[in-house]
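*Asks:* Here's a structure for you.
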Amino acid sequence: MKIAVLGTGYVGLVTAVGLANTGKHILCVDKDLGKVEKIRQGISPIYEPGLDELLLANLERLEATSDTAGAIKAADVIIIAVGTPFDGKHIDLSYIRQAAGEIGEAIKDSNEFKVVAVKSTVVPGTTMDVVRPIVLEHSGKRDGEVGFAMNPEFLREGNAVEDFLNPDRIVLGVSSEKTGSILQEVYNGYRNSTIIMTNPTTAEMIKYTANSFLALTISFSNEIARICENLPGVDSEEVFNGVIHDKRFSPIVRGERIIPQLATYLRAGIGFGGSCFPKDVKALRAFSEDLQVDGQLLNGLLHINRTQLEHVFKMGLHHFNGGGPLKRIAILGTAFKPNTDDVRESPGVKLAQMAIERGYSVAVQDYIALQNTKELLGSEADYYDDPLEAIREADVVYVTTIWPQYKAVSDEDFEKALQPHAIMVDTRSHFKNRAAKKWRFRIGVGN
Ligand code: UGA
């Protein structure tokens with residue numbers, strides 16, 4: 001079986017490499033010749049832990065090419081993993097439409113049954129109402145002569161390889177039984193995973209619902225944290241801990257309590273960022289509005305996320321009491337989360353922008369995202385690799401990304417580097433297990 005993956009972005013490439021790792025022959029297609037060349041050399045064009053190694057190990061089964069038509073003709077299954085640019089409200093399906101048109105043209109003269117699977121995150125209905133008609137029109141084929149599927153991805157950036165190799169579930173939204181069995185063969189290397197077989201529109205809805213639910217949990221936690229901050233002696237971490245120990249949340253199995261990973265989303269923070277949650281929740285909200293669904297939750301969670309940044313920023317200004325004007329702000333962490341160099345919708349970058357707009361001098365530090373940060377902030381910030389250097393002249397320091405390296409820095413070292421009047425705002429409860437300090441303020445704690 002040959003599989004063509006159209007688009008070698010983060011989703012496409014991890015999918016291609018992950019499937020190659022189960023012995024499948026993969027054609028990685030991208031119009032960007034630079035990316036194609038890199039993949040041929042075994043170098044990943046994106047940063048994702050473990051991806052370079054896995055790419056190299058599977059190079060013999062990965063054929064990178066910019067010949068889209070050739071790859072589609074050679075493949076039994078064509079996975080669409082192209083980008084869906086966002087205008088702030090709706091996702092733009094131009095690349096999806098273009099890919100569908102190219103697939104239709106390329107399979108015109110083929111008598112084989114091919115499956116077209118959408119992996120890009122798309123609003124419900126896209127696979128059957130946009131992709132299918134375009135493919136059929138361009139190929140001149142009839143319904144049933146081509147298989148259609150929606151196969152959403154549930155990869156977390158920074159963990160994508162691990163998530164792909166150990167999937168918790170594989171959702172296959174298929175247009176027919178035949179399509180379903182071909183896709184099951186695609187994933188037959190992942191025998192221990194639960195396969196959820198459904199129709200394409202349900203699969204599309206599963207993806208949006210999963211991300212909106214996680215984003216909702218984050219915003220819910222941040223609203224609860226804001227309430228706790230008004231209650232002296234109340235720590236939201238303790239509140240959430242009390243909630244998590246409800247056995248409907250964390251069941252006791254053979255005498256042992258199982259704490260679900262979801263509990264990690266139930267904590268105060270600076271709000272969610274990245275390329276998925278903000279975009280997916282906004283796209284679902286717009287979709288829901290178009291359907292004239294009477295609902296406020298998606299709006300509400302987005303509102304909390306937007307205002308959380310401002311809230312966190314003000315927290316620093318409120319606690320600063322330097323006996324002089326506040327001049328310099330340091331931001332520790334500009335990646336939207338650890339183990340990635342991605343700064344899209346990153347709270348750390350947004351906080352830096354907020355500080356710059358208000359005329360403060362700004363120092364930013366990150367372990368791998370500085371280059372991408374520079375592209376956004378340019379000469380308006382000073383850049384540091386070392387957190388202790390970044391905070392030296394700052395009046396207020398915000399810890400914005402949960403890089404584990406920060407935990408390796410002792411409070412004594414922080415204290416030595418900080419000016420005597422400077423304060424630190426722990427926007428992620430990263431140092432919740434450390435003793436209270438007069439210079440450190442933690443989010444979600446009443447005082
Ligand atoms: C998210 C989902 O977790 C994946 O399941 C999904 O496949 C992916 O989107 C996608 O649609 O492609 P990702 O954006 O990589 O993955 O990152 P998460 O680890 O879920 O974090 C998203 C944002 O929420 C980050 O800004 C993170 O810092 C923030 N977050 C996370 C919090 O603010 N608080 C938390 O407790 C957890």
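*Asks:* Angle check, please: helix 347-357 long axis (alpha carbons) against the longest principal axis of the chain (alpha carbons), in degrees 0 to 90, nearest 10.
*Replies:* Tilt of helix 347-357: around 60 degrees.
*Asks:* If the cut-off is 25 Å between C-alpha atoms, which lysines fall inside it for residue 327, apart from same-chain ones fewer than 8 positions away?
*Replies:* Here the lysines satisfying the reach criterion relative to residue 327 are 314, 350, 374, 416, 437, 438.
*Asks:* Here's another thing I want to ask about it. Of the listed pairs 108/178; 38/89; 24/178; 24/89; 89/141; 108/282, which have alpha-carbon separations greater than 26 Å here?
*Replies:* 38/89; 24/89; 89/141; 108/282
*Asks:* If I build a Gaussian network model for the chain, linking alpha-carbon pairs within less than 10 angstrom, which residue out of 75, 435, 422 has the largest mean-square fluctuation?
*Replies:* Of 75, 435, 422, the Gaussian network model singles out 435 as fluctuating most.
*Asks:* At what distance in nm do the modelled label points of residue 307 and residue 358 sit from each other, each positioned 7 Å from its Cα along Cα→Cβ?
*Replies:* Distance between label points: 1.7 nm.
*Asks:* Expressed as a whole percentage, what fraction of the accessible surface of the chain belongs to carbon and sulfur atoms when a 1.4 Å probe is rolled over the protein heavy atoms?
*Replies:* In the chain, the share of accessible area belonging to carbon and sulfur is 51 percent.
*Asks:* Further, regarding this structure: Project the alpha carbons of the chain onto their principal axes and report the range along each, largest first, in whole Å.
*Replies:* 79, 47, 46
*Asks:* Estimate the FRET efficiency between residue 191 and residue 92 by the formula 1/(1 + (r/R0)^6), using the beta-carbon distance for r and 25 Å for R0, to the nearest 0.05. Walk me through the intermediate numbers first.
*Replies:* On the way: r = 37 Å, r/R0 = 1.49.
Approximately 0.10, to the nearest 0.05.
*Asks:* So which trypsin sites (Lys or Arg not before Pro) in segment 170-235 pass both tests, a DSSP loop state and at most 11 other Cβ atoms within 10 Å of the Cβ?
*Replies:* For trypsin sites (Lys or Arg not before Pro) across segment 170-235 that sit outside H, G, I, E and B with at most 11 neighbouring Cβ atoms in 10 Å, the list reads 191.
*Asks:* In segment 304-350, which trypsin sites (Lys or Arg not before Pro) are in a loop and have at most 15 other Cβ atoms within 10 Å, using DSSP for the loop call? Walk me through the intermediate numbers first.
*Replies:* Values: sites: 306, 314, 327, 328, 344, 350; in loops: 327, 344.
For trypsin sites (Lys or Arg not before Pro) across segment 304-350 that sit outside H, G, I, E and B with at most 15 neighbouring Cβ atoms in 10 Å, the list reads 327.
*Asks:* Loop only per DSSP, at most 15 neighbouring Cβ atoms within 10 Å: give me the chymotrypsin sites (Phe, Trp or Tyr not before Pro) in segment 302-384, ordered by residue number.
*Replies:* none
*Asks:* Please state the relative contact order of segment 350-447 as a whole percent: Cα pairs under 8 Å, 6+ residues apart? Write out the running numbers ahead of the final one.
*Replies:* Working: 111 pairs, mean separation 20.8, N = 98.
Normalised by residue count, the contact order of segment 350-447 is 21 percent.
*Asks:* For residue 168, what accessible surface area do you get with a 1.4 Å probe? Give it in Å², rounded to 10.
*Replies:* 110
*Asks:* Something else now. If you roll a 1.4 Å probe over the heavy atoms of the protein chains, what accessible area per residue do you get for the chain, in Å²?
*Replies:* Result: 45 Å² per residue.
*Asks:* Follow-up. Just report the Cα centroid separation between segment 354-373 and segment 164-203, whole Å.
*Replies:* Centre-to-centre (Cα) distance: 42 Å.
*Asks:* When the helices in the chain are scored as -39500 (n - 2.57) per DSSP H run of 4 or longer and the sum is shared across all residues, what 222 nm value do you end up with, to the nearest 500 deg cm²/dmol?
*Replies:* -12000 deg cm²/dmol
*Asks:* Extension gain residue 166-residue 411, at 0.36 nm per residue separation less the Cα-Cα distance, in nm?
*Replies:* 84.5 nm
The values are calculated or read from the model by the stated rules, or taken from the named source; none is laboratory data. Quick caveat, the model's predicted, so the values are computed rather than measured. Methodologically, a virtual Cβ is constructed for each residue, glycine included, from the backbone with ideal geometry; neighbour enumeration extends over all protein chains shown. Surface areas here come from the heavy atoms of the whole protein model, side chains and all, with no ligands, DNA or RNA. Shrake-Rupley method; radii C 1.70, N 1.55, O 1.52, S 1.80 Å.
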